[in-house]
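Undergrad: A single structure is presented below for examination.
The values are calculated or read from the model by the stated rules, or taken from the named source; none is laboratory data. These numbers were taken from a predicted model, which means no experiment stands behind them. In this analysis, Cβ positions are derived from the backbone assuming ideal geometry, glycine residues included, and neighbour counts consider all displayed protein chains. Quick note on the areas: whole protein, heavy atoms, side chains included, nothing else; ligands and nucleic acids left out. Shrake-Rupley method; radii C 1.70, N 1.55, O 1.52, S 1.80 Å.
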Amino acid sequence: HKLPGVETNTGALGHGLSIAGGMALGFRLDKSPAKVYVLMGDGELAEGSNWEAASASSMHKLDNMIVFVDRNRLQISGPTTEVMSYEPLDERWRSFGWSVRIIDGHNLESIISNVMQAPFENGKPSVIIADTIKSKGLSFAEGKVSYHYWKAKPEEMEQAERDLDNIEKHLKAKMERIGL
């Protein structure tokens, strides 16, 4: 069940950034122009191994790595600010030597524009903190922590399909408008 371009996923939280750092360092040592992209949630940042990897990535000047932090401010146990807060998140990443951008994670143009500008600074890894709303677009689930571990009922699945059809139409129109 491989997806082209997705080289690894992680089961335990916190492993993705470490794996990505090793991949980015390997690409640089091979003089490859490849970039490594990481997608992680803000709740995942409670795992200490992420900050060890952030420090190592900065020390090794891995500017071929771009991290997206999905900052929806929720994790399985509740709001991140109540469970384990790392705010102000942008300043924490900067303190580890990263170049940081904060964007609206629901704005496709902003996502594309920022990816195209990376690395944001030569010699520094880039992190995009994407402010999002958990389950955005699902009318009954939006912003609710309980949908982190959702077990759908048949009527919820029907509503989700309708909501996703609307999202798809909106996204296709947006992509056409920007020429994708």
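Undergrad: In Å and on Cα atoms, what radius of gyration and Dmax does the chain show?
TA: Calculated on Cα positions, Rg and Dmax stand at 17.4, 53 Å.
Undergrad: Quantify, in whole percent, the carbon and sulfur part of the accessible surface of the chain (1.4 Å probe; protein heavy atoms only).
TA: Of all accessible area on the chain, carbon and sulfur atoms account for 55 percent.
Undergrad: Pop out the ³J(HN,Hα) list for segment 167-175 in order, Karplus 6.51 cos²θ - 1.76 cosθ + 1.60 with θ = phi - 60°, rounded to Hz; leave Gly and Pro as x.
TA: So the J values, rounded to whole Hz, are 4, 4, 4, 5, 5, 4, 4, 5, 5.
Undergrad: Based on the mean of other Cβ atoms within 10 Å per residue, sort peptides 63-69, 75-81 so the most packed one is first. Please report the intermediate quantities before stating the final value.
TA: Details: 63-69: 23.6, 75-81: 15.1.
Those peptides, ordered most packed to least, come out 63-69, 75-81.
Undergrad: If amide H atoms are built 1.01 Å from N in the plane of the peptide, which residues on other chains or at least 5 residues away come under 5 Å of the amide H of residue 129?
TA: Residues meeting the criterion, in which the H sits 1.01 Å from N, are 69, 101, 102, 103.
Undergrad: For the chain, set up a Gaussian network in which alpha carbons nearer than 10 Å are linked by springs, and say which option among 151, 124, 61 fluctuates the most.
TA: Taking springs between Cα atoms under 10 Å, the residue moving most is 151.
Undergrad: Here's another thing I want to ask about it. Using the Cα gyration tensor of segment 53-149, with a ≥ b ≥ c the square roots of its eigenvalues, what is the shape: rounded (a/c below 1.5), prolate (a/b larger than b/c) or oblate (neither)? Intermediate results must be reported in sequence, preceding the final value.
TA: Details: a/c = 2.95, a/b = 1.57, b/c = 1.87.
In terms of gyration-tensor shape, oblate.
Undergrad: Next question, about the same structure. If you look at just the Cα atoms of segment 5-79, how large are its Rg and its Dmax in Å?
TA: Gyration radius and largest Cα-Cα distance of segment 5-79: 12.8, 43 Å.
Undergrad: Also, I was wondering about something else. Considering the options 4, 110, 56, tell which one lies farthest towards the positive end of the dipole of segment 1-137, charges being +1 on Lys and Arg and -1 on Asp and Glu at the Cβ, about the Cα centre.
TA: 4
Undergrad: In this model, which of 2/124; 35/61; 2/61; 136/172; 35/174; 2/151 are farther than 20 Å apart at the alpha-carbon?
TA: Numbers: 2/124 30 Å; 35/61 13 Å; 2/61 30 Å; 136/172 17 Å; 35/174 26 Å; 2/151 25 Å.
Checking Cα-Cα distances, 2/124; 2/61; 35/174; 2/151 exceed 20 Å.
Undergrad: List the residues whose amide H sits under 5 Å from the amide H of residue 41, counting only those 5 or more places along or on another chain, with H placed 1.01 Å from N in the peptide plane.
TA: 70
Undergrad: Given segment 106-174 reduced to its alpha-carbon atoms as identical point scatterers, what log10 I(q)/I(0) does the Debye formula return at q = 0.12, 0.15, 0.24, 0.25 Å⁻¹?
TA: Each listed q maps to, in turn, -0.48, -0.67, -1.07, -1.11.
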